[in-house]
Each structure stands twice: as structure tokens, then as C-alpha cells.
Amino acid sequence: MVTYSLLRLALFGAALGLLLLVGARGWLVPLVAAVIAFGLSYVLFARQRDAAGAWMAGRAAERQRTSRLARAVQEDEAEEDAIAERLRRQQGRSADDGATPTP
């Protein structure tokens, strides 16, 4: 992740330096350098970009798996499933007995 960011920053610096070296001046020069750096980094750094994306996805999945909210949601789902299963069993027994189920 850090490597990819540093490579992109270096490419932006090189593009900016090259534009300034050839005599480009003005407030648009950094924007043009950013567009050039973006295009080149998209083509040249595909492997690093994919590795950075995989690292971020793995980290997000780990955070989601270990977060308090995720654990609370899983516990709530398990409790709701247990209640629903218990109600299904009760309704099945009630139907077998010929009685009407009560809510």
C-alpha cells in the first residue's frame, strides 16, 4: 500500500518536474501533471494497485469480522433464528394437536 502511494507520488513529481523543465508555467501545470501521473500509474503500476486493493479489502474484512457491531448483529441473528425455530416447532405441535396456534 505504501509502496504504491510512494510510486504514484514520485510519478507525479517527475511529471511536474518535466513540465516545469520544458517551460510550462501557470496554475494548470499541477493539474496536467496529475492527469499524466494518473494515466501512467494506471498502466505501469497495475500489479502494485491490485496488491494495494487486496490488502485494503483484507483489512476491511478483518475489521468487519472483529467489530463489536458485527458481533452484536451475529448474536441478534442467532437469537432471532432460535425464536423463529421455537415458534415453528410450537406451531407444528399445535397443528398436530388440532388446536389453533396462539400468537
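The values are calculated or read from the model by the stated rules, or taken from the named source; none is laboratory data. These numbers were taken from a predicted model, which means no experiment stands behind them. Heads up, the Cβs are rebuilt from the backbone with ideal geometry, glycines too, and the neighbour counts pull from every protein chain shown.
If I ask for residues that are modelled with pLDDT under 85, more than 30 Å from residue 8 (Cβ to Cβ) and charged (D, E, K, R), which ones from the stretch 58-87 would you list?
68, 71
Of 7, 40, which residue is in contact (Cβ under 8 Å) with a residue 40 or more places away in the chain, more than 21 Å from the chain's Cα centre (by Cα) and surrounded by 13 or more Cβ atoms within 10 Å (Cβ to Cβ)? Before you say what the answer is, go through the steps one by one.
On the way: 40 fails: in contact (Cβ under 8 Å) with a residue 40 or more places away in the chain.
Only one candidate qualifies: 7.
Go through the residues of the stretch 15-27 one by one and say whether even a single one is of a type in the set (Phe, Trp, Tyr) and surrounded by 11 or more Cβ atoms within 10 Å (Cβ to Cβ). Steps first, please.
Going residue by residue through the stretch 15-27, those that are of a type in the set (Phe, Trp, Tyr) are 27.
Those left that are additionally surrounded by 11 or more Cβ atoms within 10 Å (Cβ to Cβ): none.
Checking the stretch 15-27: not a single residue is of a type in the set (Phe, Trp, Tyr) and surrounded by 11 or more Cβ atoms within 10 Å (Cβ to Cβ).
Give me the pairs, please: first residue somewhere in the stretch 45-57 and modelled with pLDDT of 90 or more, second residue anywhere and polar (S, T, N, Q) and in a helix (DSSP H, G or I), beta-carbon distance under 7 Å, and either six or more positions apart or on two chains.
Pairs that qualify, where the first residue is modelled with pLDDT of 90 or more and the partner is polar (S, T, N, Q) and in a helix (DSSP H, G or I), are 48/3.
Those residues that are hydroxyl-bearing (Ser, Thr, Tyr), assigned to a helix (DSSP H, G or I) and closer than 30 Å to residue 3 by Cβ, I need them from the stretch 44-98; list them, please. Quick ask: steps written out before the conclusion?
Narrowing the stretch 44-98 to residues hydroxyl-bearing (Ser, Thr, Tyr): 66-67, 94.
Remaining after also requiring assigned to a helix (DSSP H, G or I): 66, 94.
Residue satisfying the conditions is 66 alone.
Filter the stretch 66-97 down to the residues that are of a type in the set (S, T, N, Q) and surrounded by 10 or more Cβ atoms within 10 Å (Cβ to Cβ) and list them by number.
Kept after step one, since they are of a type in the set (S, T, N, Q), are these residues of the stretch 66-97: 66-67, 74, 90-91, 94.
Residues satisfying the conditions are 67, 74, 90, 91, 94.
Tell me whether the stretch 58-73 contains one or more residues that are in contact with a helix residue (DSSP H, G or I) (Cβ under 8 Å, 6 or more places away or on another chain) and of a type in the set (A, V, I, L, M, F, W, C).
Going residue by residue through the stretch 58-73, those that are in contact with a helix residue (DSSP H, G or I) (Cβ under 8 Å, 6 or more places away or on another chain) are 64, 70.
Checking the rest, the ones that are also of a type in the set (A, V, I, L, M, F, W, C) come to 70.
Looking for residues that are in contact with a helix residue (DSSP H, G or I) (Cβ under 8 Å, 6 or more places away or on another chain) and of a type in the set (A, V, I, L, M, F, W, C), one finds at least one in the stretch 58-73, hence yes.
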